[in-house]
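Engineer: Before we start, here is the structure in question, set down as structure tokens.
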Amino acid sequence: MSASQPSVKIARRIFWAQLLVCLVPSCSSVSGGTPRKAKGWQASLGSVPNSKITPRQLTKSINVRRSYIPRGRYGRRKYRPMKPTYITIHSTQNYTGDAWAHAKALRRGALRGGTIGYLCWHFTVQEDVAVQHIPTSERGEHADFDGPGNRKSIAIEMCEHRGNSQARTLDRTAKLTASLMYHHKIPLSHVVPHYHWPRKGYSTPHKNCPHYLLENGRPGATWAWFRHRIGQHYKRIAV
Ligand SMILES: [Zn+2]
């Protein structure tokens, strides 16, 4: 037996393993095409229209409802002004609570953590509404403690409770993001998943969030699809 034979065998095994990987349904994300789940969302939502829309019309279509944390309490107990230059996308990983339940929890100081003892973020989106918890001119506690994710970004959480349409939640989030990009002059390159902001001192600094838009815990084809949809909504805006 020559020395090269085992490596040929190994190479063949790798070839078959790769082929097998490419036959499973998630292959399209591996090869760089549109992943199956994004195709499903696209099919249920349809394409974003090409027609122009005013910023006001876009805002109206998002259905933003304010339910602010009281000023001076809990996540707003310190006044911390912010000039946002990024938008951070999260998902709740809460399979029971809707956007209103998150609003209630934030208003009561029920979600502890972050650098001031309480979590807070700007919007929670579900299929039919975007609930706002703090003004976009104040910083939140949602990403990376005292890092730039918290200091410079508007945070959007997408709901995952049962019965909530993931496709419609994604589209409402994409519209809200486009509107925020317009009003705050934030480029699409500054729209990032929570994953983007490393958390100091963690063994896994890059959080797998929003998990259903990432591939193997990292931004890939599904995230690219979502960002493209945000860009399409943004392109519609005409003053
Ligand atoms: Zn997150």
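The values are calculated or read from the model by the stated rules, or taken from the named source; none is laboratory data. These figures come from a predicted structure and were not determined experimentally. Glycine gets a Cβ as well: all are built from the backbone with ideal geometry, and neighbour counts include every protein chain shown.
Engineer: From the list GLY147, GLY114, which residue is surrounded by 17 or more Cβ atoms within 10 Å (Cβ to Cβ) and among the small types (Gly, Ala, Ser)? Walk me through it before giving the result.
Structural biologist: Values: GLY147 fails: surrounded by 17 or more Cβ atoms within 10 Å (Cβ to Cβ).
Being surrounded by 17 or more Cβ atoms within 10 Å (Cβ to Cβ) and among the small types (Gly, Ala, Ser) holds for just one of GLY147, GLY114, which is GLY114.
Yes/no per residue for (1) out of contact with any Ser or Thr (no Cβ under 9 Å at 6 or more places or on another chain); (2) on the phi > 0 side of the Ramachandran plot; (3) among the aromatic types (Phe, Trp, Tyr):
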{"position": "VAL48", "(1), (2), (3)": "yes, no, no"}
{"position": "THR54", "(1), (2), (3)": "yes, no, no"}
{"position": "GLN57", "(1), (2), (3)": "yes, no, no"}
{"position": "TYR68", "(1), (2), (3)": "yes, no, yes"}
{"position": "TYR95", "(1), (2), (3)": "yes, no, yes"}
{"position": "ALA105", "(1), (2), (3)": "yes, no, no"}
{"position": "GLY114", "(1), (2), (3)": "yes, yes, no"}
{"position": "GLU138", "(1), (2), (3)": "yes, no, no"}
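Engineer: Answer yes or no: is there a residue in segment 187-201 that is in contact with a strand residue (DSSP E or B) (Cβ under 8 Å, 6 or more places away or on another chain) and polar (S, T, N, Q).
Structural biologist: No: zero hits.
Engineer: Another question about this same structure. Kindly indicate the residue of segment 213-234 that is in contact (Cβ under 8 Å) with a residue 40 or more places away in the chain and among the charged types (D, E, K, R) and also farthest from LYS175 (Cα to Cα) among those meeting that condition. Reasoning before the result, please.
Structural biologist: Of segment 213-234, the ones in contact (Cβ under 8 Å) with a residue 40 or more places away in the chain are 213, 215, 220-222, 225-226, 229-234.
From what is left, the residues that are among the charged types (D, E, K, R) are 215, 229.
Details: GLU215: 23, ARG229: 9 Å.
Only one residue fits best here, namely GLU215.
Engineer: Another one. So in segment 170-217, with the set limited to residues that are within 15 Å of the ligand (Cβ to nearest atom) and assigned to a strand (DSSP E or B), which one is surrounded by the fewest Cβ atoms within 10 Å (Cβ to Cβ)?
Structural biologist: VAL192
Engineer: Out of THR115, THR204, THR136, which single residue is under 27 Å from SER61 (Cα atoms), in the same structural domain as ILE53 (by TED's automatic domain parsing) and of a type in the set (Val, Ile, Thr)? Lay out the reasoning, then the answer.
Structural biologist: Values: THR115 fails: under 27 Å from SER61 (Cα atoms); THR204 fails: under 27 Å from SER61 (Cα atoms).
Selected residue: THR136, the only one of THR115, THR204, THR136 that is under 27 Å from SER61 (Cα atoms), in the same structural domain as ILE53 (by TED's automatic domain parsing) and of a type in the set (Val, Ile, Thr).
Engineer: Could you grab the pairs with beta carbons closer than 8 Å, sequence gap of 6+ or different chains, first residue in segment 180-206 and over 19 Å from PRO219 (Cα atoms), second one at pLDDT 95 or above and small (Gly, Ala, Ser)?
Structural biologist: LYS200/GLY147
Engineer: Kindly indicate whether any position in segment 218-232 is crowded, with 19+ Cβ neighbours inside 10 Å, assigned to a strand (DSSP E or B) and not aromatic (Phe, Trp, Tyr).
Structural biologist: no
Engineer: So, one more: Any residue at all in segment 153-162 that's surrounded by fewer than 19 Cβ atoms within 10 Å (Cβ to Cβ), out of contact with any Pro (no Cβ under 7 Å at 6 or more places or on another chain) and under 17 Å from TRP100 (Cα atoms)?
Structural biologist: Residues of segment 153-162 surrounded by fewer than 19 Cβ atoms within 10 Å (Cβ to Cβ): 161-162.
Those left that are additionally out of contact with any Pro (no Cβ under 7 Å at 6 or more places or on another chain): 161-162.
Imposing the further condition that a residue be under 17 Å from TRP100 (Cα atoms) reduces the set to 161-162.
Yes - at least one qualifying residue is present in segment 153-162.
Engineer: Please work out which residue is nearest to the chain's Cα centre (by Cα), limiting yourself to segment 66-105 and to residues that are surrounded by fewer than 15 Cβ atoms within 10 Å (Cβ to Cβ) and within 16 Å of the ligand (Cβ to nearest atom).
Structural biologist: Checked segment 66-105; the qualifying residue nearest to the chain's Cα centre (by Cα) is GLN93.
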